[in-house]
Amino acid sequence: MRAIEAAAAGAPPRLVWRTAEVLSVTEETRRVRTLALDVPGWPGHLAGQHLDVRLTAADGYTAQRSYSIASAPEAPHVELTVQQLEEGEVSPYLAHDVRPGDRFEVRGPIGGHFVWAASQGGPLFLIAGGSGVVPLMAMLRHRAAAGSTVPALLLHSSRTIADIIFRDELDALVAAGDGLRVIHTLTDAPPADWTGYRRRIDRAMIEEVGFPPAATPRCYICGPSGLVETAARALVELGHAPALVKTERFGPTGG
């Protein structure tokens, strides 16, 4: 708890590399996996933070990337949900090759800007593109674990219905009836019986489904740079306070 409070105050403890052991692997979609990790000495984290992963080859070569933490602070283990990138150095191993019992180094938690705690209240307006849903899922898991009933909305863009990450768990969270709404939009070949949105997230969609500015929602946007820029600009143009719009983005390279 002391480490979490320090992170919230903007003064996280000194970051050190720790050895993480993979406890289990869950296939989320055809290109996305969740790894449950045992990290001895893990200081705790806030929903929305990330960590660094470092892989070291037999010849000493190292590769390092940052990944959002998918698990709630209350979870017994640290979870990473990783999407495989074709040109990546780290994600192909994490999202395809790693097995329970494998070990690698992690460092974190990192970040104090893109975080949410139930004590901050809501409403909570979350906007995600693809695997950008991962840190937002940590927030929704934390919301559920904390017993929070603040109104919450997740607007999530995916390529196809098969690419929706955490789909079953999101359905279960909505079914709990505690004030959460989840709205999906598909950008590539929606099924014939799809009744939801069929385009990228845009200003009109945000205005139609989102909270009005008067509700002063806390807004978090994560995904590709284009989506993040579009959504953040739309929220501000619609009258949302810029200080309440938090963004995190990833580009086409890395992994």
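Only the coordinates and a few stated rules stand behind these numbers; no lab work does. Not measured: the values here are computed from a predicted model. For neighbour counting, all protein chains shown are included, and Cβ atoms are generated from backbone atoms with ideal geometry for every residue, glycine included.
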Q: Multiply the residue separation of R107 and A58 by 0.36 nm, subtract the distance between their alpha-carbon atoms, and state the gained length in nm to one decimal.
A: 15.6 nm
Q) For the range 106-152, what is the convex hull volume of the alpha-carbon atoms per residue, in Å³? A) 94
Q | Computed magnitude of the charge dipole of the range 118-250 (debye, nearest 20; Cβ of K, R +1, Cβ of D, E -1) | A | 260
**Q.** Distance between modelled label sites at R203 and I161, nm, 7 Å Cα→Cβ extension
**A.** 3.2
Q. Rg (Å, one decimal) plus Dmax (Å, integer) for the alpha carbons of the chain?
A. 17.9, 58
Q) So what is the calculated 222 nm ellipticity per residue for the chain, using -39500 (n - 2.57) for each DSSP H run with n of 4 or more, over all residues, to the nearest 500 deg cm²/dmol? A) -5500 deg cm²/dmol
Q | Descending principal axes extents, the range 118-250, alpha-carbon based, whole Å | A | 40, 33, 26
Q.
Quick check: residue separation of A175 and W17 times 0.36 nm, minus the Cα distance between them. What number comes out in nm?
A. 53.0 nm
